[in-house]
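Peer 1: My questions all concern the structure below.
The values are calculated or read from the model by the stated rules, or taken from the named source; none is laboratory data. Because the structure is a prediction, the values reported are computed rather than measured. Here Cβ is always computed from backbone atoms with ideal geometry, including for glycine, and neighbour counts include all displayed protein chains. All accessible areas refer to the heavy atoms of the entire protein, side chains included, with ligands and DNA or RNA removed. Shrake-Rupley method; radii C 1.70, N 1.55, O 1.52, S 1.80 Å.
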Amino acid sequence: MKRLCGLAFGAASLVLFAAHLAMAQSAPDPTAAADAYVNAPHNWQWWFPVSGSPMQAKIDWLMQYVLWWMAAVVGFVALLMAYVFIKFNAKANPKPSYVTHNTLIEVIWIVVPTLILAVIIIPSINLIWYEGDTSNPYMTVTVTGHQWYWEYTYQSVPGLDYTSYMIPDDQIDPSKGQIRRLSVDHPLVLPVGEKIKFDITSGDVLHGFYLPSLGVQKYAIPGTIVTSWTLINKPGTYYGQCNQICGLNHDAMPIEIKAVPLADYLAWTKAALADYTDNAAPTAALPAPPVKLADAR
Amino acid sequence: MSSFVQDDPHAPAHDAAHDAHGGHHKQTFVRRWLMSTNHKDIGTLYITMAFIGACTGGMLSEIMRQQLMYPHNDLITNGNTWNAIITAHGLIMIFWFVMPALIGGFGNWMVPMMIGAPDMAFPRLNNMSFWFLACGFIFVMTGLLLGNGAGAGWTLYPPLDNAQYSPGLATDFALFSLHLAGISSLLGAINFIATILNMRAPGMTMHKMPLFCWAILVTAFLLLLAIPVLAGAVTMLIMDRNFGTSFFEPAGGGDPVLFQHLFWFFGHPEVYIMILPAFGIVSHVVSTFSKKPIFGYLGMAYAMVIIGFVGFVVWAHHMFVSGISDDSRVYFEVATLVIAVPTGIKVFSWIATMWGGSIEFKTPMLWAIGFIFLFVIGGATGVVLANAGLDQELHNDYFLIAHFHYVLSMGATFGVFAGFYYWIGKMAGHQYPEFWGKVHFWSFFIGVNLTFFPQHFLGLAGMPRRYPDYADAFAGWNFVSSVGSIISGLSTMVFFYVLYRVFTGKDVLEDNYWGEGATTLEWAVPSPAPHHTFEDVPVIR
């Protein structure tokens, strides 16, 4: 079965560019294209991840915009304070003044901050509407948080529903590009260039579906569905983590996304359907439930 | 603010005739400290409570930073232990350090003296407030140490802390500790409101009242309105846990998000409950050491009133990713940003107070200046986080942790230390050693900045909060942050030495040891302040 899908995928890949074809032939894995680019945090990183989606690009822009305004405010206050300390310390100015009112200056320091807020609010509100617009998605994935793994249900592929556990620390294989605390056994596979809606919910306690490089974050709340969306720019591997305290292994339920070209995604859905729903044991054995994770450390 | 001078500058000498430590009727230890009705003694008890709370909460934070110093660390190998520690750290620092220090401690000590009242309006209620809080501390520690510990985070979000996911008594102890701390705060708030509104000396109109009293008054109203909501939410949680109700259980028709609304309707005013008294202290310190009256007194007072008022209508900015509607996100963002304006009034008025002054950089002034600068940084990141669109990226990550530690660990705590160094001579009767006070300030300043500034970077890189272990990519800044926490810890040792010097001091202080800049009424009574102040009613000119 798997062999067959590999062949079918190989045939589909013929239309794609040569390098990609070669890669797909050597490893009949429809998600292979995602290995070409890895968007993971790096040591001493001091800014957002490289934007993986238009939403994250907008967040990055607004962050810089607001932070420059704030840097100006903090810098201005720092300069004022430095000036005051040099000019009005007890040695430089032994006789204090007794001025306690100046209507003009008091009006200025109310009006100017209000204006700064106004120029921040306008682009900021636009971003809220943009983030909230989940209309017309190409596909919808239901994301369900569990203690302590994620479950992905593809609404457009009936029957495609699988769980995603963190690879325990002692089974991490860096030679396969696995990253401790971020890599999972069964990543979420998504097509690039298409609008993807997330229906986020939970099967037990609150979780947080947090994808920093895509600008997505929503709580997973039992009994309700919170929606968000993304559109991934280019094939690659993207990471996220649970960001709402959910108990013992809160730090051990990361999110890994393999973003691949649409054709590869479609090929993957077929392979995955076979893998995950034909009642046979999955080809990749699920690791033991991470109950003992804490002790393994 | 006019200067407050008693009619007869020699009047305090009358009080000084009493033994400063207990009056002419010598009290036993039990009678004085366990059954106290004196605002100064109760203030001292509160400050002792805050000291114990700060040491406990600080120790927990040192443990956390040691665990986070390296990825894959094995100091804490059980996630439940970790969760219990973070929960206790948050609860203890808020309810058993910052609040008792600023409100119960300095508030009790200074407010009656500043308004020329002999004591608080309800002295026995005052005593009761303290002992509720002390019992609450036993409960919260039980919650930390019993079984797996209470581990839902200080925000206590259900369903994680319901009977199914947090079985055992620990979480009930933590919830009841909030009830006890809440009753304590509520009774204290009623006491402060009654005292400030009714017991001001003749001539002390509201618009002549010192800014610290204004701060405590606004704080007391915030407590009065916010604490009952917390009590309701906590009661519902206790009912869900123990009596089969389903207020927050989706399976029974309840809603976990309802708890978030109730919690933050309390929780956001709570933020101002912690910072407004520090605003008041900083105003006094800045004015005293600039030797200038406060600039724009009325603006300063009403800025606090406005902050308190608006603080009640912004709570859902803590819930930008809880699935609230886009319209709500817009409203709560704009309302939140509005708070920056009255806060700006305060910051600029402090700078204007220093402008033209004759500034002496004594230790309390260093803490006040540190407060202003670091609070501005914390406020700036607050404006960033108030943007709902940005919060979608920054919510619950280390950028948020850095933000609220800048306003609390540096803001409120610097306010506490400013008040301590400013008033310790008045309270203990001996001055702190200036050199060691400055060493304490600079080491703490470096320590906390080194701890919390790199956490902005961790947050931007995407490190979530409440993680005992993290991806190796976050190792660098976490190491720097942990080194900073060690420096803060060592700095606290310097503070212990300062305390030792104060309590073994032999020096005798004048009534007003700060000189011309200190104009409020507590400087008109001897140092240390006698057991009973104002047996004769002072008249304010």
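Peer 1: If R₀ is 56 angstrom, what is the calculated FRET efficiency for the pair A:T227 and A:N102, using the beta carbon separation as r and rounding to 0.05? Numbers along the way, then the final one.
Peer 2: Details: r = 51 Å, r/R0 = 0.92.
Calculated value: 0.65.
Peer 1: Mind putting together the pair-distance distribution for chain B? All Cα pairs, 20 Å bins, whole percent per bin, short to long.
Peer 2: That works out to 22, 57, 20, 1, in percent per bin.
Peer 1: Accessible area per residue, 1.4 Å probe, Å², for segment B:382-536: what's the number?
Peer 2: Working: 4440 Å² over 155 residues.
It amounts to 29 Å² per residue over segment B:382-536.
Peer 1: Please report the spacing between the Cα centers of segment B:118-195 and segment A:30-60 in Å, no decimals.
Peer 2: 44 Å
Peer 1: In degrees from 0 to 90, rounded to the nearest 10, what is the angle of the helix B:475-503 Cα long axis to the longest principal axis of chain B?
Peer 2: Around 30 degrees separate the two axes.
Peer 1: Would you please classify the overall shape of the protein assembly as shown from the alpha carbon gyration tensor, given that a ≥ b ≥ c denote the square roots of the eigenvalues, rounded means a/c under 1.5, and beyond that prolate means a/b larger than b/c while oblate covers the rest? Intermediate results must be reported in sequence, preceding the final value.
Peer 2: Numbers: a/c = 2.38, a/b = 1.95, b/c = 1.22.
It is prolate, given that a/c is not under 1.5 and a/b is the larger ratio.
Peer 1: Out of the chymotrypsin sites (Phe, Trp or Tyr not before Pro) in segment B:334-413, which ones are loop residues according to DSSP with at most 16 other C-beta atoms within 10 Å? Kindly include the intermediate steps, with their values, before the conclusion.
Peer 2: On the way: sites: B:F348, B:W350, B:W355, B:F361, B:W367, B:F371, B:F373, B:F375, B:Y398, B:F399, B:F404, B:Y406; in loops: B:W355, B:F361.
Hits after loop and neighbour filter: B:F361.
Peer 1: Would you calculate the separation in nanometres between label points at B:E62 and B:T235, each defined as 7 Å from the Cα along the Cα-to-beta-carbon direction?
Peer 2: 4.1 nm
Peer 1: Gap in Å between the Cα centre of segment B:313-365 and the Cα centre of segment A:85-154?
Peer 2: 9 Å
Peer 1: Per DSSP helix of 4 or more residues, -39500 (n - 2.57); summed, then divided by the residues of chain B. What does that give at 222 nm, rounded to the nearest 500? Walk me through the numbers before you get to the answer.
Peer 2: On the way: 17 runs with 331 residues, N = 541.
Dividing the helical sum by the residues of chain B leaves -21000 deg cm²/dmol.
Peer 1: What residue among A:P222, A:I200, A:Y162 has its Cα farthest toward the positive end of the dipole of segment A:118-225, where the charges are +1 on Lys, Arg and -1 on Asp, Glu, each on the Cβ?
Peer 2: A:I200
Peer 1: Right, here's the next one. About the Cα centre, and with charges only on the beta carbon of Lys, Arg (+1) and Asp, Glu (-1), how big is the dipole of chain B? Nearest 20 debye, please. Could you put the intermediate results ahead of the total?
Peer 2: Values: 21 positive and 31 negative charges, 156 e Å.
Charge dipole of chain B: 740 debye, to the nearest 20.
Peer 1: Across the residues of B:256-265, average count of Cβ atoms on other protein chains within 10 Å? Numbers along the way, then the final one.
Peer 2: Numbers: counts 8, 6, 0, 0, 3, 0, 0, 0, 0, 0.
Average neighbour count from other chains, rounded to a whole number: 2.
Peer 1: Which percent of the accessible heavy-atom area of segment B:85-239 goes to carbon and sulfur, probe 1.4 angstrom?
Peer 2: Values: 3280 of 4330 Å².
Carbon-and-sulfur percentage of accessible area, whole number: 76.
Peer 1: Total Lys pairs in chain B closer than 24 Å by alpha-carbon, pairs eight or more apart in sequence or interchain only?
Peer 2: Qualifying lysine pairs in chain B: 25.
Peer 1: Between chains B and A, what is the buried accessible area summed over both chains (1.4 Å probe, protein heavy atoms, nearest 100 Å²)?
Peer 2: Values: alone 20710 and 17100 Å², together 29860 Å².
Summed over both sides, the interface buries about 7900 Å².
Peer 1: Within a Cβ distance under 12 Å of A:W47, other residues only, what is the Lys/Arg minus Asp/Glu net charge?
Peer 2: Values: positive: none; negative: A:D60, B:E393.
Within the 12 Å Cβ shell, the charges total -2.
Peer 1: Compute the distance in nm between two label points, each set 7 Å from the Cα along the Cα-to-Cβ direction, one at B:V508 and one at A:K95.
Peer 2: 3.5 nm
Peer 1: Still on this model: For segment B:107-170, with every protein chain kept in place, what is the accessible area per residue (1.4 Å probe, Å²)?
Peer 2: Values: 2200 Å² over 64 residues.
Solvent-accessible surface per residue comes out at 34 Å².
Peer 1: Still on this structure, please answer the following. Determine ³J(HN,Hα), in whole Hz, for all residues of segment A:87-100 in sequence, where each value follows from phi through the Karplus function 6.51 cos²θ - 1.76 cosθ + 1.60 and θ = phi - 60°; x replaces Gly and Pro.
Peer 2: Each residue of segment A:87-100 in turn: 7, 10, 7, 4, 6, 6, 9, x, 10, x, 7, 10, 5, 10 Hz.
Peer 1: Once you sort the root eigenvalues of the Cα gyration tensor of segment A:134-200 as a ≥ b ≥ c, which label holds: rounded (a/c under 1.5), prolate (a/b larger than b/c) or oblate (the other case)? Provide the component values of the computation, followed by the final result.
Peer 2: Numbers: a/c = 2.66, a/b = 1.86, b/c = 1.43.
The shape class here is prolate.
Peer 1: Let me ask another. Over segment B:332-428, what percent of the accessible surface lies on carbon and sulfur atoms, probe 1.4 Å? Numbers along the way, then the final one.
Peer 2: Details: 1140 of 1430 Å².
On segment B:332-428, the fraction of accessible area on carbon and sulfur atoms equals 80 percent.
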